[in-house]
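Below: one structure, written as structure tokens.
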Amino acid sequence: MCGNGDETLQHFLLDCEKLEGTRKIGTKMLAEIIKEIHPLGLLLFNTREDLTQLIMDCSHKNIKRIIQLPMDAATTPYRKS
Ligand SMILES: [Zn+2]
């Protein structure tokens, strides 16, 4: 798409300059949601692999390990009041 690097899933989600505008919007939304769950927000995701996993499937067991939700919050669907 941009010609820089391999066209992997990770490249499209995290790096591709052609998708920068879309990624900025999505990242802002994601950061706000994660910050409501945990005060450190996206800072919890130290590796590119963890961030890719979050974007692809936020219900994955690895994401629950990173965020460490309290049991009631982990079983209650997210609801914005
Ligand atoms: Zn690209």
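The values are calculated or read from the model by the stated rules, or taken from the named source; none is laboratory data. Keep in mind the model is a prediction, meaning the values are calculated, not measured. So basically every Cβ, Gly included, is an ideal-geometry build from the backbone, and we count neighbours across all protein chains shown.
Restricting attention to segment 42-62, which residues are surrounded by 13 or more Cβ atoms within 10 Å (Cβ to Cβ) and at pLDDT below 90?
CYS58, HIS60
Of (1) over 23 Å from THR8 (Cβ atoms); (2) without any contact (Cβ under 8 Å) to a residue 40 or more places away in the chain; (3) loosely packed, with under 15 Cβ neighbours inside 10 Å, ILE33 satisfies all except one. Which?
Against the list (1) over 23 Å from THR8 (Cβ atoms); (2) without any contact (Cβ under 8 Å) to a residue 40 or more places away in the chain; (3) loosely packed, with under 15 Cβ neighbours inside 10 Å, ILE33 comes up short only on (2).
Restrict the check to segment 14-35 and report whether at least one residue is polar (S, T, N, Q), over 18 Å from GLN68 (Cα atoms) and within 12 Å of the chain's Cα centre (by Cα).
Checked against the condition, which is being polar (S, T, N, Q), over 18 Å from GLN68 (Cα atoms) and within 12 Å of the chain's Cα centre (by Cα), segment 14-35 yields at least one hit.
Out of the residues in segment 25-41 that are touching a helix residue (DSSP H, G or I) at 6+ places or on another chain (Cβ under 7 Å) and among the small types (Gly, Ala, Ser), state the one that is modelled with the highest pLDDT.
Per the criteria, the residue is ALA31.
Hey, any hits in segment 70-80 for a residue that's more than 16 Å from the ligand (Cβ to nearest atom), touching an Asp or Glu at 6+ places or on another chain (Cβ under 7 Å) and at pLDDT below 90?
Quick first cut of segment 70-80, residues more than 16 Å from the ligand (Cβ to nearest atom) only: 70-80.
Those still in the list that are touching an Asp or Glu at 6+ places or on another chain (Cβ under 7 Å) too: none.
No; the residues of segment 70-80 include none that is more than 16 Å from the ligand (Cβ to nearest atom), touching an Asp or Glu at 6+ places or on another chain (Cβ under 7 Å) and at pLDDT below 90.
Can you run down the residue pairs with Cβ atoms below 6 Å, 6 or more apart or on separate chains, where the first is in segment 1-23 and in a helix (DSSP H, G or I) and the partner is within 7 Å of the ligand (Cβ to nearest atom)?
HIS11/GLY5; GLU17/CYS2; LYS18/MET1; LYS18/CYS2
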